[in-house]
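Visitor: Take a look at this one; I'll ask things after.
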Amino acid sequence: MRRLGEIHDIKMKALYLEQRFRGNQPDEMDAAEKELEDLRERCCDENRDFITPPVARALKKDFDTFMALIDGAYQHDQGKEA
């Protein structure tokens, strides 16, 4: 259950950061980009059994891919708990 909570936390933070990108303020966008990079790293580290190195590279390039993989990781772990 803890892992599902961690994945949910990553998703909520990523969605919040996406909103910050829409503000068009350069300082805010730079900070949000760094935070998003950290979230991507955290997601890959916490889900090594699910996210392969090629997939990790792909999610670092595209926000929608990142969000899809977060959802996939959540479903993967949810299935393990059932």
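Visitor: Quick check, is PHE63 in contact (Cβ under 8 Å) with a residue 12 or more places away in the chain and touching a Gly at 6+ places or on another chain (Cβ under 9 Å)?
Guide: no
Visitor: Six or more apart or on different chains, Cβ atoms under 9 Å: show the pairs whose first residue is in the stretch 19-31 and within 19 Å of MET67 (Cα to Cα) and whose second is among the acidic types (Asp, Glu) and part of a helix (DSSP H, G or I).
Guide: Close Cβ pairs satisfying both conditions: ARG20/GLU28; ARG20/GLU35; PHE21/GLU28; PHE21/GLU33.
Visitor: Working only within the stretch 1-17, note down all residues that are within 18 Å of LYS60 (Cα to Cα) and surrounded by 15 or more Cβ atoms within 10 Å (Cβ to Cβ).
Guide: ILE7, ILE10, LYS11, LYS13, ALA14, LEU17
Visitor: Report the residue count in the stretch 34-53 for those that are at pLDDT below 90 and surrounded by 11 or more Cβ atoms within 10 Å (Cβ to Cβ).
Guide: 7
Visitor: Examine the stretch 4-19 for a residue that is of a type in the set (Phe, Trp, Tyr) and touching a helix residue (DSSP H, G or I) at 6+ places or on another chain (Cβ under 6 Å), and state whether such a residue exists.
Guide: No, the stretch 4-19 contains no residue that is of a type in the set (Phe, Trp, Tyr) and touching a helix residue (DSSP H, G or I) at 6+ places or on another chain (Cβ under 6 Å).
The values are calculated or read from the model by the stated rules, or taken from the named source; none is laboratory data. Quick caveat: nothing in here was measured; it's all calculated off a predicted structure. Cβ: placed from backbone, ideal geometry, glycine included. Neighbour counts: every protein chain shown.
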